[in-house]
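Participant: Sending over a structure as structure tokens; questions will come in a sec.
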Amino acid sequence: MDEQRLWAPWRMNYIAGARGVEPTPLEPIAWLPGAEPTCFICKAAAAYADERAARQQNLVLEVSNHTITLLNLYPYNNGHLLVSPRRHVGDFGELTDAEHLEAIQSLVRYTQRYRELINAEGFNIGLNLGRSAGAGVPGHLHWHLVPRWNGDNNFMPVTGDSRVISQSLRELWEALTKSH
């Protein structure tokens, strides 16, 4: 087998422990009530002087009345996104009916968009409640939506402890935020 090289320089932020995608992160001008400033979801849901630049930097696809949808900075697969209440809340019992309904409606909308935009053939949708269940942000619950394709699992995760992401986050953000 010929040696193959995978070029994914944007992954270095993850390897090096950096958590931002831009060298100079924008700072919010106003936080939502109860926001946790160290929470990347709360930061994405905050108000900014330049909303478009902040949405692009924070990979925000949509902000609704009660929820926010953003691309996962360290995706498991191309198109991996997160749907979360805008409010910093960590458990199902704390969600309002409006937050729960809007989150599910967002998941439905994005599964449909992914079928059309990137020909997704299936989806993994779920959430982790609590650190022991694998929640990376245990205080701010969020659903994961991961598009899947027949044959998208190959030898890389098994033998190379690597994942191949086929599209840049910026390119996908641009495609998903265009009017349709």
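Laboratory data are not the source of any read-out in this text; all were calculated from the coordinates shown. Computed from a predicted structure; not experimentally measured. Here Cβ is always computed from backbone atoms with ideal geometry, including for glycine, and neighbour counts include all displayed protein chains.
Participant: Any chance you could list P(r) for the stretch 20-162, counting all Cα-Cα pairs in 5 angstrom bins from zero, rounded to whole %?
Facilitator: 2, 9, 18, 21, 20, 16, 9, 4, 1, 0
Participant: Sort 97-109, 60-72 by packing, meaning the average of other beta carbons within 10 Å per residue, with the highest value first.
Facilitator: Put in order of decreasing packing, that is 60-72, 97-109.
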